[in-house]
Amino acid sequence: MSVMGTRVLRREDPAFLTGEARYTADLNDPLLDGALHVHFVRSTIAHATITELDVTEAAQADGVVAVFTAADIEADGLNAYPMAIPGMIPEAVGRPWLAKDVVRFVGEAIAVIVATSKEAAYDASELVIIDYEPLDAVVDLLDAASDRVIIHPAHGTNTALEMNLGEAADLFDGCEVVVREDLVNQRLNVCPMEPRGVACTWQDGRLVMFLSTQAPHGVKGKMAGIYGLDPDGLRIVAPAVGGGFGAKINVQADEALLPWVSRKVGKPVRWAETRSEAMVSMPHGRGQLHRVEIGGTRDGNVTAYRLTVIQDTGAYPSMGTFLPFMTRTMAQGTYQIDRVECNVKSVITTTTPIEAYRGAGRPEACAAIERAMDLFAAEIGLDPADVRRKNLIGKEQFPYTTLTGAVYDCGDYVAALDAALVASDYSALRAEQAQRRAANDPVQLGIGVAIYVEITAGPGGGQGEFAKVALNGDGSLTVFTGSSSHGQGHNTAWAMLAADLTGIPMDRIEVVAGDTDRVDEGHGTFGSRSLQLGGSAVWTATGQVVDAARQVAADLLEANVDDVVLDADRGAFHVAGSPSITRSWEEVAAKQTCEAALTFTSEAATFPFGAHVAVVEVDTETGRVQLRRIITCDDAGRILNPLIVEGQRHGGIAQGVAQALYEHMMYDEDGNPLTANLADYAMVSAAELPNFELVPLETPSPVNPLGAKGIGESGTIGATPAVQSAVCDALSPFNVRHLDMPLSSERVWRAIHQ
């Protein structure tokens, strides 16, 4: 019986729920016996010259084995920490291993203390003497773009990257209405349940490194380059990983320094990031300033759209520098528009560096165009849902090439919108809203609609993904995958795929991932790529194992291989038309084991889409916003396991709502973080959220054998603008045209009363 499309419980969960799973911080691997503990001394000022650094007293403290600074690393000749994308970011803005002469953000590492216990290392850090000569901080993006203060003088400018699609003076010629607005897509803290962690050791010149990562093989390549190792000279292991959301794709300078520290002290070392440390040193997400310009006719046709983006890179340009590339790619959204422009600039600030965060550039694009559509609809006095429907790309137009170069594989945007509106009872909500407004109810109703499309396993289909499937001597299967789960349910999903093709029960299928000694190659898990590429690799390799096993079964049945079929429901081979005489997988394996290994690649990305409707209540006397309902229709192509898909949707929606209403990584004008712990940073919890109303929709993609599209980021893309629009809608009787996120009670109250 096929398990495809059925609700299969995640088989990895019991280990997490019972405490059996081991994260990097609580590993008890024998390789780490006698490990020393590492603590980083970090900058407490955003931008300054270091005038004194004295570690003498710290080095003499009880339990301290060594203290290292940039001078020690320089004297040892360690290769430079590599740029995120070599050749595209100038070396003049490269990140040092440890700050030497200048610090550029609060949280930048200055010294490393190695001690016999975490407590001893921390206590010694209090004895490090650092004197600073303050320099001007640069936090505001327009200030950064002005080059008033150059953060990296050797680079000569704060601009790290600039990409333009043109700036036509006549873009809005012929438009009856043109609306312009400046929007902020605020900086977010990633806040995975597990902060970063590393444990490592050297064995006979071979590096063994455990760390919380989304991409073990990517780490392997980077560490091999840093330490001059052959591929066989190191092993990277990702134990249980408690969330990544993009911040754990790229190994950071502090993490990558741990093998050097281990080699210097001659013992294993381990480091577990504290939550307070993670708030300022783990990469942040989002951080864009938008200028939207939208024009069209008074009857609702949008004919021109321009998006101008300034991206915050933080102090050291890395992957975040290139997030606007994804924003630009998806700038057109779900709409037919005659003329589209998107110009972007990434600028350096004296803040924590920014990298990918769930959606990575696509939520920003959606937030911009969806707010633009609402502003346009309000200007011409039409219902925002009607204006959207009028401009949507039609089902019959796929594959559809946008003016920003994306090729949408398939979709039905009108169906998604209509399904969400019907499920929400949109007309009844508008009627209730009108009644409240007429009655001057102090609690006003707001309704927000958003339609999104995003790119997954892209651009250009990504890098592909590796899988190996092996039939063992006892008839069981082992699946080796280059994907590396940090909460996505790969163990269950990959076993489902192999079970579906072979008929071998899932409890006899082992899935191996996250260990570069056991899995030959891989790219990792990010960008909602796993099922499309990693799953397709497992599916294809399993099919090859079935083909090889069919040949063995033919020999056992003394039949022509072309006449032998596999009855997957029974997990047995037989001659076509003679199902009573069979050969089992165990019999096949006893004669010959089989395996297949391959990297599945796709020339095209997929473009999942959906429509969200948010309903909020706004207390106009206090500014309090309560999300009453959120209805989402999210397409992910063909669904493998609805239970896993629903979990991904729930998590994404929660994070999308959180950005709209609560979360903001804030700095004062001197670059000091104001939300550097979870008492000040308003991370969402279940108490703030209603039950999510999920509307099903499937449009199988033609670009991979599973028909799959990504689902991991959809919620963060659709929910955010829907909730933001709902609050702005509730405030429209008070002449509030737009309000930036997060829509806190104070911000809403001030908007009403100002």
Result for the chain: accessible area per residue, probe 1.4 angstrom, in square angstrom, of 37
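With contacts defined as alpha carbon pairs under 8 Å and 6 or more residues apart, what's the relative contact order of the range 575-640 in percent?
RCO, the range 575-640: 25 percent.
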Taking Cα atoms only, Rg over Rh for the range 631-695 with Rh from the Kirkwood formula is 1.13
Residues of the range 30-48 with amide nitrogen under 20 Å from the 7 Å Cα-to-Cβ point of Ser276?
37-47
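Between Asp131 and Ile85, what's the calculated FRET efficiency when r is the beta-carbon distance and R0 is 51 Å? Round to 0.05.
Working: r = 36 Å, r/R0 = 0.70.
FRET efficiency, Asp131 to Ile85: 0.90.
If r is the Cβ-Cβ distance from Glu587 to Arg518 and R0 is 25 Å, what FRET efficiency results, to the nearest 0.05? Let's see the in-between values first.
Numbers: r = 28 Å, r/R0 = 1.10.
In this case the efficiency is close to 0.35.
Express in nm, to one decimal, how much length is gained between Asp569 and Leu17 on full extension, taking 0.36 nm for each residue of separation and deducting their alpha carbon distance. Display every interim value, and only then the final one.
Details: separation 552, 0.36 × 552 = 198.72 nm, distance 3.18 nm.
Additional length available on full extension: 195.5 nm.
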Net charge, Leu229 excluded, C-beta distance under 12 Å - Lys, Arg +1, Asp, Glu -1
+3
Net dipole in debye of the chain [+1 Lys, Arg Cβ; -1 Asp, Glu Cβ; about Cα centre; nearest 20]
800
Give the average over all directions of the projected area of the C-alpha convex hull of the chain, one decimal, in nm².
34.5
Would you mind computing the Rg to Rh ratio of the range 26-182 from its alpha-carbon coordinates, Kirkwood style for Rh?
1.16
Taking the Cα centre of the chain as the origin and placing charges on Cβ (Lys, Arg +1; Asp, Glu -1), which of Pro195, Ile581, Leu501 is farthest toward the positive end of the dipole?
Ile581
Between the alpha carbon centres of the range 682-754 and the range 617-657 the gap in Å comes to 7
Dipole of the range 299-415, Cα-centred, from +1 at each Lys and Arg C-beta and -1 at each Asp and Glu C-beta, to the nearest 20 debye?
240
Net length gained if the chain between Asp670 and Asp140 were fully extended (0.36 nm per residue, minus Cα distance)
189.8 nm
Round to the nearest 0.05 the FRET efficiency obtained for Arg430 and Val178 when R0 = 22 Å and r is the Cβ-Cβ distance.
0.25
Tally Lys and Arg at +1 and Asp and Glu at -1 over the other residues with C-beta under 14 Å from the C-beta of Gln203: what net charge comes out?
-1
Take each complete run of DSSP H in the chain, measure how far its Cα atoms stretch along the helix's own axis, and keep only those covering 15 Å or more with mean Kyte-Doolittle hydropathy at least 0.5; list them.
413-424, 536-557, 714-731
Where the centre of each part is set by its Cα atoms, how far does the range 215-243 sit from the range 182-201, in angstrom?
20
Please list the non-local residues whose amide H lies under 5 Å from the amide H of Glu595, H modeled 1.01 Å from N, same-chain partners needing a gap of 5 or more.
Leu471
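Compute the signed sum of charges (Lys and Arg +1, Asp and Glu -1) over the other residues within less than 15 Å, Cβ to Cβ, of Val564. Walk me through the numbers on the way to the answer.
Working: positive: Arg550, Arg570, Arg583, Lys591; negative: Asp547, Asp555, Glu558, Asp562, Asp563, Asp567, Glu587.
Residues close to Val564 contribute a combined charge of -3.
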At 7 Å along the Cα-to-beta-carbon direction for both Glu558 and Gln626, put a label point, then send me their distance in nm to one decimal.
7.8
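May I ask you to derive the relative contact order of the range 301-349, considering only C-alpha pairs under 8 Å and at least 6 residues apart, and to give it as an integer percent? Numbers along the way, then the final one.
On the way: 70 pairs, mean separation 29.0, N = 49.
Worked out over the range 301-349, it gives 59 percent.
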Starting from 0.36 nm per residue, how many nanometres of slack lie between Ser117 and Leu382 once their C-alpha separation is accounted for?
88.9 nm
If you take the charge dipole of the chain about its Cα centre, with +1 on Lys and Arg Cβ and -1 on Asp and Glu Cβ, which of Ala367, Ser318, Gly482 is farthest toward its positive end?
Ala367
Binned at 10 Å starting from 0, the alpha-carbon pair-distance distribution of the range 233-298 in whole percents comes out as 13, 37, 23, 11, 8, 5, 2, 0
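The values are calculated or read from the model by the stated rules, or taken from the named source; none is laboratory data. Computed from a prediction, not measured in an experiment: that's the story for all the values here. Don't worry about glycine lacking a Cβ; one is built from the backbone with ideal geometry, like all the others, and counts go over all protein chains shown. With ligands, DNA and RNA removed, areas are computed over all heavy atoms of the protein, side chains included. Shrake-Rupley method; radii C 1.70, N 1.55, O 1.52, S 1.80 Å.
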